[in-house]
Every structure is written in C-alpha cells, then in structure tokens.
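Read through the structure below, which is laid out as structure tokens, and then see the notes.
Please treat every number below as a calculation from the coordinates, not as lab data. Please read these numbers as outputs of a predicted model, since none were measured by experiment. Quick reminder, even Gly has a Cβ in these numbers, built from the backbone with ideal geometry, and neighbours come from all protein chains shown.
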Amino acid sequence: MCGIVGVVSHSPVNQLIYDALLLLQHRGQDAAGIATNHGNTFSMYKANGLVRDVFRTRNMRSLPGNAGIGQVRYPTAGSSSEEEAQPFYVNAPFGIILAHNGNLTNWEQLKIELFKNDRRHINTASDSEVLLNVLAHEIQLATTGYSLDPSALFKAVSALHRRVRGSYAVVSQIAGYGLLAFRDPFGIRPLCIGFNEGEAGPEYIVASESVALEGLGFRFLRDVMPGEAIFIDMDGNLYNQQCADNPVLNPCAFEFVYLARPDSVIDGASVYHSRLKMGEYLAEKIHREISSGAIDVVMPIPDSSRPAAMELAHKLNLNYREGFIKNRYIGRTFIMPGQALRKKSVRQKLNAIGSEFKDKSVLLVDDSIVRGTTSREIVQMARESGAKRVIFASAAPPVQFPNVYGIDMPTRDELIAHGRSQEEVCREITADALVYQDLDALKRAISDVNPALRNFEASCFDGNYITGDISRDYLDRLEYARNHPKQQIEEGTKTQLNLNLARVD
C-alpha cells in the first residue's frame, strides 16, 4: 500500500505534489519522494520518513518544473532501505521516472528476464524498479526514431500488461513529453483523475484517492479503468486507451475496510458510506448472536471503525461513546514494520477514558482483526478501565490468508484467524465474545453504495487470488523470505552472480 500522485500544470508543481502527499500520508509512512520535470531534466528528492520531515525549504526549491510525480511509501516488497524510496529513474529511453502502488507477484522472474533478455540491470530488491525497467524496455521497442507519441506509449503498456502479474497503479513522467498513468487489468489498487481549468489552460492530477484531488481544488473527473492507460502531454492534452485484453474491475475490498480515507470515493463508491453499511450489516448479525440487554455502550477503535460503530449503535438503539482517545502523532500500527514495534505503540497511540468503561458491558468495534496485537491490548485496556464485560466486533470478516497485492500480510503465522476458530480467536484476544462480519455482507455493503461493483479482490478473507498465479508453493516461498531476510539477500546475491557468469559465458 502506497500513495502516488502525478501532476501536469502550467505553473510549478512542487507545492501541489507536496500537499497531495500530505493528503495521502495514511497510505504510507516509511518514505516520501518527489520528482519534477523541467525541459528535458528531472529533479528528484526522496528519503525515509513522513512527508513533513523529509522535505525542507531547500529541497522544495530544488524541485522546479510544471510537471512531476510523488509517492509516500509503505514497504511490502524489498526492504525499508532509503535506496528503495520512490520515484525510480532510468535514463533510457528518453528518461523516465516512475512511482508504483501495489505489488508484482512475478517480479523475481521478470528481474531475471530483464537481465538475460533485455540487458537491463536492477539495482535494488524493489518490484517497482523492475516495473519501471519493463516499461522502459517496452517503450524502447514501441518507438522508432527520436520522437514519442501516445500510440507508442499505449502499445508499450499493452505489452507490459502481458508480461506483468499482480497489482499496480502507476504514475510515470517521461522527460519533455508528459505524464503516463495506468492501472492493472483487475483494477486492484485505486487510481483517479482530477481536472482544473487554469488561466493558462487545462491542468490534470492523477492520484491514488479522490481526497488528494479535491483537497487541492481539482474537480474529480473519473477513475482510471482497469487496464487503461492515460497520457497527458506537457500542454495539457489528455489521451487514453484501453490496453488490456480482458479487463475486469476487482477493487480491493480492504481499501474500503481500512486503507482508504473515509472522505475518498473509489470506483464510484464512497468509502464513508460503505463503512456505514458495514455497520448496518454487522448490527444485524450482533442482534442475532448477542442477547438483548447484554450491551450497555458501543465504542469505536479510532479512527477507521468510527462510521461502522456509529451506524451499528444507531441500528441497535444503543448508546455510542468515544472511550478511546487517539494520539495523532503516533503512526498507524498496522503499517509499522515489526511485531514488537506495533505492540509497543498501541498504548502510546490510544488512551482510555476510564469513566466511560467503569462497570459497563462494552461493545468495541474495530475495522478488522489482522494480527490480533492491537485487539488484545485494547481489550486489556478496557478491562483495566473498569469494564465488567468486553465484546469485540470486527467490521470485516476473519483475515485468514496472506495478501500478495500490496498489503503487509505476507505470512500465515502472523494472522490470528489463520487455522483458528472464532472461539479460539476470542480467547486469544481475551474478549468475552467476538463477532465477525460475514464476507457476503462486506461485499454487499460496498455494492449497496455502487451497484456496478460486483467483484472484489478479497483474497485475505477467502484465499481466492484473482490473478490466477498464486500457488501454495508461492506462499511458502514468500513466507520463507519474510522469516529469513538475511538468507534471502544472500541467495539473491548468488543468483545475480550466476547471471553475471552466464552472461560472460
């Protein structure tokens, strides 16, 4: 999960991109980067940290130009090394910079192909650098002479779709030509376009979420379709083409549950209203499973679960209270690398208001339960604050399977619901009762908001990997790599050495 943005304007874009990244900060807190294009020259600055910490006045002054891209990074492939902060750059053909949200499932195979067949060197363990080099190679094959036109770019994206597997929403800048953006044929990760009629002509922005458009005064135009490519030249002319053979929209259900901001609209569905519907359907299930009068008060775990908890309380005619206060200067624990760091930060992030818990039977509502670390700590905090009974409800179904499309859920052992019954999970988080949302209800909550959405990427709930290339062996290798990172690096070095020797032979 990352946040990406690209802008083509008639005035300097460094501040626009910076402000957009602030609006997308929830999508990644590991690193931030901006690259701008002036003439045929790129300027770029990127580093680990939050947007407000990475960029200083001197950095912003070094980013001239009327077009550019930016990213906030949350690492799901490679490492959290500053070298893997985005955007990435290649100087041929033309000069291309790229930022990527998602995760390629065949990047290791592509890396070998790029070296052996395409004669391209990959310098990091990032799948985004692989994606950039595939794009660069296909653009080189699609162009003749020294000029570049939209048809050649669309031909290159079509070839990329045939080679690449996984999830990818992309913004890229081609030096002196314009902004190229595209989305994978399943539309797993979100991407949308905004428009502004400036004094000097039309201006465009492409970003992960609509909140980044509207917060900067751009008018939401539409979502980028799955498999579609968008090219905006430096004069503000927009070209588009469907570049995939069989595109099918399957947006990630977890975007609506947790990842996206509630004030965003993704593929025509309001995230906020989808979460209200989740609360409505969860209330129906609680009404069936929990006896009347067993709950005194409903409380959300701030912030993502608040809409669902409010609607749930309304439907059950129960009191709604804010029992936990969030320290907004602590990062989101779900996207913090390392179990120890996540556990330590829970009590730094949340503080209980004791008077709201004392001698009450409390229903706590969270957006989801992934590893169970946060849930267990919160239940204990409620008990320490005087709650006589703690019921826990999840607005999402049990997370039982790894997500390979850009969310940090790569190992089965880390998922509390994997291999455990609902009763066992309840005991693990030390709650008195536990209620999960049904998967059909979750999908229906989103479809109720936009009836055109019928298919979803929901692999972390049902184990159905829609790209069709994920096997048990793949998941085993992914899990091994995560649990043995040092050995994986050494094996990767040996593979690169073998490739070098093969090239010499």
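Distance between the modelled labels on Tyr239 and Thr124, one decimal in nanometres: 2.9 nm (7 Å Cα→Cβ projection). In the chain the longest region clear of chymotrypsin sites (Phe, Trp or Tyr not before Pro) that are loop-assigned by DSSP and have at most 16 other C-beta atoms within 10 Å covers 147-328.
Note on Arg58/Ala200: beta-carbon distance plugged into 1/(1 + (r/R0)^6) with R0 of 41 Å gives a FRET efficiency of 0.90.
With a simple spin-label model that places each label point 7 Å from the Cα along the Cα-to-Cβ direction, the separation between His10 and Arg222 comes to 2.4 nm. Bridging of Lys443 to aspartates and glutamates at a Cα separation below 18 Å is possible for Glu255, Asp267, Glu280, Glu284, Glu311, Asp366, Asp367, Glu457, Asp462, once same-chain residues fewer than 8 apart are set aside.
Between exposed trypsin sites (Lys or Arg not before Pro) in the chain, where DSSP calls loop and at most 15 other Cβ atoms lie within 10 Å, what's the longest gap? After excluding every exposed loop site, the longest remaining stretch is 120-327. Out of the DSSP beta bridges found with both residues in the chain, what percent are antiparallel (nearest 5)? That works out to approximately 80 percent antiparallel.
Taking 15 Å as the straight-line reach from the Cα of Lys388, the aspartates and glutamates in range (excluding those fewer than 8 positions away in the same chain) are Asp296, Glu356, Asp359, Asp432. For the stretch 164-256, the set of GluC sites (Glu not before Pro) satisfying both a DSSP loop assignment and a count of at most 10 other C-beta atoms within 10 Å is given as Glu199.
With helices as the sole contributors, the chain gives -10500 deg cm²/dmol at 222 nm; each DSSP H run of n ≥ 4 counts as -39500 (n - 2.57), and the sum is divided by every residue. The residues neighbouring Ser394, those whose beta-carbon lies less than 10 Å from its own, together hold a net charge of -2 under the Lys/Arg +1, Asp/Glu -1 convention. Against the chain, whose longest principal axis is taken from its Cα atoms, helix 439-449 shows a tilt of about 70°.
Placing +1 on the Cβ of every Lys and Arg and -1 on the Cβ of every Asp and Glu, with no other charges, gives the chain a dipole of roughly 1060 debye about its Cα centre. Sorted fewest first by neighbouring Cβ atoms within 10 angstrom, Ser305, Ser471 come out as Ser471, Ser305. Between 0 and 90 degrees, the angle of helix 306-316 with respect to the longest Cα principal axis of the chain falls at about 40 degrees.
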